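Working notes, beginning with the structure itself.
Derivation of every value follows stated rules applied to the coordinates shown; laboratory data play no part. As the structure is a prediction and not an experimental result, all values here were calculated from the model. A quick note on method: Cβ atoms are made from the backbone with ideal geometry, for glycine too, and the neighbour counts reach across all protein chains shown.
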Amino acid sequence: MKKKYFHLDKIFDKYSLIAIHSNLDDFSLAFLLNKSLGANFERANESIKYKNSNFEFFNWEDLKNGINCSLISNKNYINSEIITKTDSLFSLSETKKVSLIESMSKVDYLIKIKQGLDLNFTLMILNELPQIILSYTLDDEEIKSKLNLIFD
């Protein structure tokens, strides 16, 4: 059997990333972006599975205008088994926070722009929305787990 070798340069596509800090739920943020950007983010059929957790993502693909973007949730909370203490009145469950991009654990959502959107115009609109606390671009060097962003 022949061995196959992959060059990492061919695996990674060119894309731009926008980090978003917001307290909104993922579907509320997608609705807000659809309304303010004139976008058409639609929830994907399957979520991204990583570390026993599911991360929701939304796709916006417009072949006519050459737009290909994704809205990705970066945070999820996992409830562990209920822990009961013998001297306690209540049974408590522990909640653990998991991030898709662990080096960016404070970021709530990511917008991955493959093509079709002007990065500066998009950032200007995002920063004007009162529901979004902060949005900014990310460099590829800051992200240590780039393979988590390949889900196409």
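Would you please give the FRET efficiency between E94 and D139, computed as 1/(1 + (r/R0)^6) with r the Cβ-Cβ distance and R0 = 35 Å, to the nearest 0.05?
For R0 = 35 Å, the calculated efficiency reads 0.55.
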*Gain in length, K114 to K14, computed as 0.36 nm per residue apart minus the alpha-carbon separation, to one decimal in nm?*
35.3 nm
*Can you tell me how much longer the chain between E61 and M124 gets when fully stretched, taken as 0.36 nm per residue apart minus their C-alpha distance, in nm with one decimal?*
20.5 nm
